[in-house]
Protein chains: 2
Amino acid sequence: MYQELLDHIKKYVQLSPSQQQQFCEKLQLITLKRRAFLLEPGKHCQGNYFITKGCMRQFLINKKLNEQIIHFGIEHWWIADQDSLLNNQPSACYIQAIEETELLLLHEKDRISLFKEIPPLETYFRIMMQKSFVASQRRIGFIFNQTEEERYRHFSKLFPDFVQRVPQYMLASYLGFTPQFLSRLRAKKDL
Amino acid sequence: MYQELLDHIKKYVQLSPSQQQQFCEKLQLITLKRRAFLLEPGKHCQGNYFITKGCMRQFLINKKLNEQIIHFGIEHWWIADQDSLLNNQPSACYIQAIEETELLLLHEKDRISLFKEIPPLETYFRIMMQKSFVASQRRIGFIFNQTEEERYRHFSKLFPDFVQRVPQYMLASYLGFTPQFLSRLRAKKDL
């Protein structure tokens, strides 16, 4: 039984002990070394991954051959290429471990078949997807309406541990500015 | 019976005739005149709206007191403030009709209670949310990795009818540049 994930699910829906058992039997524990890749362009994303320990990043290589980070994941977050899963097509992105990371993989096929047997699980994933969409919409609002400095301050306030944990150049990539700009920002006394 | 919406649902899940009936009984037809508001800041979003005719926009007023369009909706698209629905909190945005518009409202309370009675409906909305999330993630990629001109060309290619239908200044707001810049772009012969 994977208690951390069950506790996370419990915040949103109730599963009976037998449903918990049935669900956990489908999960596959994966351990990744630092810098190991979970997904690379051209490959199909296998399913949704729940992080129990560590830190992941999802990124694209843009036309200037720079890494553009589109998503981070830490403990108790899900990570996946939803585009690859939804459209059953090869991924365009990388998913990589920033630290040594432990994840629970729920294969897409198992997820879909479990929904029929355990309807509250579908409710849980519907809510997870709605939360991800809302976060993504908010991020678009911030990109358009905040200056780079405001964006950094806002992000630091929301995720203080995260800012300490992730290398500076990755944070800059996620927020859409250069590492040099971020260094100057952090050098300011009031940050 | 609202056939357009049932046809849309049929692309993703199967509902029995009695489920279709039960679902349609919960829908409320709303007609909006051009420029009428469906939602304003401070009010709670009531549910999800399926557009059967017309065109809507969702926007914020940013700190510079400019309108920032975060979403458009045309026929067969859903529109709602998911943040307000998910967190049961007052909205921060406007949803307004660009043209005279007809929508079907599915109240949030009804939607949640229907999920228990009609599980495929929850599947449908889970997929809709996943599609919205993927579109939103792609949009973030475009904002960071395309020049303004590339973003306009790409959008025009994906949604040619839309570009003709929506006022130029709204399109500029959605794509994150000034109406003046868009005018210069459109004046170029090759667009």
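The values are calculated or read from the model by the stated rules, or taken from the named source; none is laboratory data. This structure is a prediction, so every number in the text was calculated from the model and none was measured. A quick note on method: Cβ atoms are made from the backbone with ideal geometry, for glycine too, and the neighbour counts reach across all protein chains shown.
Figures for the structure shown
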{"read-out": "Any hit, segment B:19-28, residues being surrounded by 15 or more Cβ atoms within 10 Å (Cβ to Cβ), more than 12 Å from the chain's Cα centre (by Cα) and of a type in the set (A, V, I, L, M)", "value": "yes"}
{"read-out": "Those residues of segment B:125-150 which are in contact with a Ser or Thr (Cβ under 9 Å, 6 or more places away or on another chain) and among the β-branched types (Val, Ile, Thr), in sequence order", "value": "B:140"}
{"read-out": "Search result, residues across segment A:112-135 that are within 15 Å of residue A:82 (Cα to Cα), within 7 Å of another protein chain (Cβ to nearest Cβ) and surrounded by fewer than 19 Cβ atoms within 10 Å (Cβ to Cβ)", "value": "A:131"}
{"read-out": "Close pairs from segment A:139-151: first without any contact (Cβ under 8 Å) to a residue 24 or more places away in the chain, partner among the basic types (Lys, Arg), Cβ under 9 Å, at least 6 apart", "value": "A:140/B:139; A:142/A:151; A:145/B:63; A:145/B:64; A:146/A:153; A:146/B:63"}
{"read-out": "Filtered residues of segment A:136-154 (kept if at the interface with chain B (Cβ under 9 Å from one of its Cβ atoms) and out of contact with any helix residue (DSSP H, G or I) (no Cβ under 9 Å at 6 or more places or on another chain))", "value": "A:141, A:145"}
{"read-out": "Hits in segment A:73-95 (condition: of a type in the set (A, V, I, L, M) and surrounded by fewer than 21 Cβ atoms within 10 Å (Cβ to Cβ))", "value": "A:74, A:85, A:86, A:92"}
{"read-out": "Which listed residue, of B:162, B:155, is surrounded by fewer than 19 Cβ atoms within 10 Å (Cβ to Cβ), in contact with a strand residue (DSSP E or B) (Cβ under 8 Å, 6 or more places away or on another chain) and within 30 Å of residue B:7 (Cβ to Cβ)", "value": "B:162"}
{"read-out": "Verdict on residue A:51 being of a type in the set (A, V, I, L, M, F, W, C) and either in a strand (DSSP E or B) or in contact with a strand residue (DSSP E or B) (Cβ under 9 Å, 6 or more places away or on another chain) (or both)", "value": "yes"}
{"read-out": "Residue B:31 being at pLDDT 95 or above, away from chain A (no Cβ under 14 Å) and touching a Cys at 6+ places or on another chain (Cβ under 7 Å)", "value": "no"}
{"read-out": "Which numbered condition residue B:110 misses (of (1) more than 17 Å from residue B:161 (Cβ to Cβ); (2) charged (D, E, K, R); (3) under 12 Å from the mean Cα position of the chain (by Cα))", "value": "(3)"}
{"read-out": "Residue A:109 within 25 Å of residue A:37 (Cβ to Cβ), out of contact with any helix residue (DSSP H, G or I) (no Cβ under 8 Å at 6 or more places or on another chain) and in a helix (DSSP H, G or I)", "value": "yes"}
{"read-out": "Residue that is surrounded by 15 or more Cβ atoms within 10 Å (Cβ to Cβ), farther than 26 Å from residue A:12 by Cβ, in contact with a strand residue (DSSP E or B) (Cβ under 8 Å, 6 or more places away or on another chain) and at the interface with chain B (Cβ under 10 Å from one of its Cβ atoms), where the choices are A:98, A:61, A:69", "value": "A:69"}
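Conditions (1) touching a residue at least 12 places away in the same chain (Cβ under 8 Å); (2) of a type outside the set (S, T, N, Q), marked per residue:
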{"position": "B:22", "(1), (2)": "yes, no"}
{"position": "B:34", "(1), (2)": "yes, yes"}
{"position": "B:38", "(1), (2)": "yes, yes"}
{"position": "B:63", "(1), (2)": "no, yes"}
{"position": "B:68", "(1), (2)": "yes, no"}
{"position": "B:73", "(1), (2)": "yes, yes"}
{"position": "B:96", "(1), (2)": "yes, no"}
{"position": "B:99", "(1), (2)": "yes, yes"}
